[in-house]
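Worksheet for the structure shown next.
The values are calculated or read from the model by the stated rules, or taken from the named source; none is laboratory data. Nothing here was measured: the structure is a model prediction, and the numbers come from that model. As a convention, Cβ positions derive from the backbone with ideal geometry for all residues, glycine included, and neighbour counts pool all protein chains shown. Accessible surface is based on the protein model in full, side chains and every heavy atom, while ligands, DNA and RNA are left aside. Shrake-Rupley method; radii C 1.70, N 1.55, O 1.52, S 1.80 Å.
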Amino acid sequence: MKFGVIVFPGSNCDHDAFYAASHNLGQPAEYIWHDSATLGDVDAVILPGGFAYGDYLRCGAIAKFSPVMRAVRRFAQDGGLVLGVCNGFQILVEAGLLPGALIRNRGLKFICRELRLRVATERSPFTSAAQTGDVLRMPIAHGEGCYFADERTLDELEAEDRVAFRYVDNANGSLRDIAGILSRERNVMGMMPHPERATEPLMGSSDGLVVFRSMLEAGVRA
């Protein structure tokens, strides 16, 4: 299974995502620059964390206009797996591939710490290697990671089993403790915690491998 890691000006977790896919999973991976019009022959796409275009406007609001995002949209529409982490989640929301918004953290401070997450559904290609209810440890590092949506959208996410992760320790104030969500087709996921920073014991936790192993298993089944 080949992973493509999108690199925007300001991405800073692209190497982490590349390492998780290539070293921890042992799968081929390549970087895809933001002005590329195509994704090549990748089987899954990762939009990594960072500060795309310096977050000079609103997080992800400029990145959504990058040429590569047209290719990402087509890839998602064709059923390809797309994972957005932190800034990548913000970009997916701004691009309309996921609902809601990411706003300033409760307390208006940047938060960088390890948190506990609960797997809210195992019925997705990003969580199938876990069981619903499992508690995982992963770090967060963001200033605008509070998930917000109107009540109707929140109800739909829950009714359609599209909440992938919930915070056990809700440090940023996300509504209904939401830490990650799925698209209606379940092939696009955005999450604020960093699974790529929790892929081996040296990092303090290897729980993030659940996400990447789930994607690999989904790719093998496909």
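Structure values in brief
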| quantity | calculated |
| --- | --- |
| Percent accessible area from carbon and sulfur atoms, region 44-173, protein chains only, probe 1.4 Å | 50 |
| Additional length obtainable on full extension of the chain from Tyr56 to Gln131, 0.36 nm per residue less Cα span | 23.1 nm |
| Shape category assigned to region 98-213 from the gyration tensor of Cα positions, a/c cut at 1.5 | oblate |
| Alpha-carbon centroid distance for the pair region 170-222 / region 44-77, whole angstrom | 18 |
| Cα gyration tensor category, rounded, prolate or oblate, for region 143-197 with a/c compared to 1.5 | oblate |
| Residue of Glu185, Glu144, Glu94 that the Gaussian network model of the chain assigns the largest fluctuation, springs spanning Cα pairs under 10 Å | Glu185 |
| For the chain, built as a Gaussian network whose Cα springs stay under 10 Å, the top-fluctuating residue of Gly143, Gly96, Gly84 | Gly96 |
| Selected from Ala149, Ala171, Ala29 as most flexible by GNM, with the chain as the system and alpha-carbon contacts under 10 Å | Ala149 |
| 222 nm mean residue ellipticity, helices alone, for the chain (DSSP H n ≥ 4; -39,500 (n - 2.57); rounded to 500) | -6000 deg cm²/dmol |
| Distance (nanometres) between label positions extended 7 Å along Cα→Cβ at Leu108 and Thr38 | 4.9 |
| Longest site-free stretch - the chain; sites: chymotrypsin sites (Phe, Trp or Tyr not before Pro), DSSP loop, at most 15 other Cβ within 10 Å | 111-222 |
| Solvent-accessible area per residue for the chain (1.4 angstrom probe, square angstrom) | 42 |
| The chain, relative contact order [Cα under 8 Å, separation at least 6], % | 20 |
| Tensor-based shape of region 15-162 (alpha-carbon gyration tensor, a/c under 1.5 rounded, otherwise prolate or oblate) | rounded |
